[in-house]
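Structure first, commentary second.
The values are calculated or read from the model by the stated rules, or taken from the named source; none is laboratory data. Given the structure is predicted, the values throughout are model-derived calculations rather than measurements. Ideal geometry is used to build each Cβ from the backbone, glycine not excepted, and the neighbour counts take in all protein chains shown. Just so you know, the surface numbers come from the protein's heavy atoms only, side chains and all, with ligands and any DNA or RNA stripped out. Shrake-Rupley method; radii C 1.70, N 1.55, O 1.52, S 1.80 Å.
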Amino acid sequence: MAEDEAPDGIRQKLVDTKQRWAREGRLLTGEHAPPEQRLPPSQRLVRDWPVLDLGVQPAVAEETFRLDVEGLVERPVTLDWRWLMELEQAERVNDIHCVTQWSRYDNRWGGIAVSTLLELVRPKSQARFVEFGAYDGYTTNLSLEDFARPENILAHSWEGERLTRQHGGPLRVVVPHLYFWKSTKWVKRITFLAQNKPGFWEQRGYHDRGDPWMEERYG
Ligand SMILES: Nc1nc2c(c(=O)[nH]1)N[C@H]1C(S)=C(S)[C@@H](COP(=O)(O)O)O[C@H]1N2
Ligand SMILES: [Mo]
């Protein structure tokens, strides 16, 4: 698949709309807010949990699930479900901020802390960026610094239950300090890189970093 080609089966109309928003700078107020302000600018609080994806929700059974962690690491691994469950289990409670302007407070995640994954694979000193791949063909990118934050988790559970397929189960990434498009559902691959590699939305006009308090929606 070519780098900027869309994955199969996605809802192109939905992608076109969001891409147009980026071009037009929709939803932007130009406000900034200090991180102490819990609700970032132009966000509204919701109590339900909206589902957002490209229109494909891949069914991945725990038995066939594999996560490849590769690239500039001392120890590349392919984690199967059993291995994941043998790693130290962690919990994190944090807020979600989606670029489509909803935020949701106090989500309790269970899974493997990103710090645990980093200890296992040991990124080489040249590794400065991370690219994520998913079972639906989605990709996104982070700096290693943003990925290594202590609140980040590879989540298999939410509020004590297994994460549902619609929210990215069996395993998703959760990076709460950035807009939620940076949090890959149905994660399949984590690649450590020396250079930045923009992902699906980043190639379509969305910001490279996506800090909600700086309103880094588009870029
Ligand atoms: N694999 C994959 N991950 C993804 C997406 C996607 O389409 N595919 N959408 C992103 C976007 S834009 C958002 S807002 C969140 C939505 O997660 P949720 O459906 O659990 O709320 O997932 C992010 N991760
Ligand atoms: Mo989103």
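Let's see if you can work this out: charge +1 on each Lys and Arg Cβ, -1 on each Asp and Glu Cβ, no other charges. What is the dipole magnitude of the range 8-214 about its Cα centre, in debye to the nearest 20?
About 560 debye.
Which of rounded, prolate or oblate describes the chain when judged by the alpha-carbon gyration tensor and an a/c cut-off of 1.5?
Rounded, because the longest to shortest axis ratio a/c is under 1.5.
Which value, in Å to one decimal place, does the Kirkwood hydrodynamic radius take for the range 12-69 when every pair of different Cα atoms is included?
Value: 15.6 Å, from the Cα pair sum.
Can you give me the distance in nm between label points at THR64 and THR29, each placed 7 Å from the Cα along the Cα-to-Cβ direction?
4.6 nm
Using a 1.4 angstrom probe on the protein heavy atoms only, could you order ASP68, ASP48 from most to least accessible area?
ASP48, ASP68
Return the long-range amide H neighbours of TRP102 (sequence gap of 5 or more, or a different chain), with a cut-off of under 5 Å between placed amide H atoms.
Long-range HN contacts for TRP102: ARG44.
What list of ³J(HN,Hα) values in whole Hz, one per residue of the range 210-218 in order, does the Karplus curve 6.51 cos²θ - 1.76 cosθ + 1.60 (θ = phi - 60°) give from phi, with Gly and Pro shown as x?
x, 7, x, 6, 9, 6, 7, 7, 10
Taking only the C-alpha atoms, wrap a convex hull around the range 107-219 and report its volume per residue in Å³ as a whole number.
101 Å³
Between the DSSP loop rule and a limit of at most 13 other Cβ atoms within 10 Å, which GluC sites (Glu not before Pro) in the range 22-121 are left?
Loop-located and lightly packed - GLU31, GLU36, GLU63, GLU74, GLU88.
What angle do you read, to the nearest 10 degrees and between 0 and 90, between the alpha-carbon axis of helix 12-24 and the longest principal axis of the chain?
The angle comes out near 60 degrees.
Based on alpha-carbon centroids, what's the gap between the range 152-188 and the range 20-86 in Å, whole number please?
6 Å
How large is ³J(HN,Hα), in whole Hz, for each residue of the range 159-172 in order, when computed from phi with the Karplus curve 6.51 cos²θ - 1.76 cosθ + 1.60 and θ = phi - 60°, using x for Gly and Pro?
6, x, 10, 4, 4, 6, 4, 5, 9, x, x, x, 9, 10
With the Cα gyration tensor of the range 1-122 giving a ≥ b ≥ c as the square roots of its eigenvalues, does the rule (a/c under 1.5 for rounded; else a/b larger than b/c for prolate; else oblate) give rounded, prolate or oblate?
oblate
Can you tell me the length gained on complete extension of the stretch LEU45 to TYR105, counting 0.36 nm per residue apart and subtracting the Cα distance?
This chain segment gains 20.8 nm when fully extended.
What's the tally of Lys pairs in the chain whose alpha-carbon atoms lie under 22 angstrom apart, where the two lysines are 8 or more places apart or on different chains?
10
With a/c under 1.5 counting as rounded, go ahead and sort the range 44-103 into rounded, prolate or oblate using the C-alpha gyration tensor (a ≥ b ≥ c being the square roots of the eigenvalues; past the cut-off, prolate if a/b is larger than b/c, else oblate).
Taking the square roots of the gyration eigenvalues as a ≥ b ≥ c, the range 44-103 is prolate.
Would you check the accessible area of TYR105, probe 1.4 Å, heavy atoms only, in square angstrom rounded to 10?
60 Å²
Rounded to whole Hz and in sequence order, give me ³J(HN,Hα) for the range 194-209 from the Karplus expression 6.51 cos²θ - 1.76 cosθ + 1.60, θ = phi - 60°, writing x for Gly and Pro.
7, 10, 6, 9, x, x, 4, 6, 5, 6, 10, x, 8, 5, 5, 9
Given a 1.4 angstrom probe, I'd like the percentage of the accessible area of the chain that is carbon and sulfur, rounded to a whole number.
Carbon and sulfur together cover 47 percent of it.
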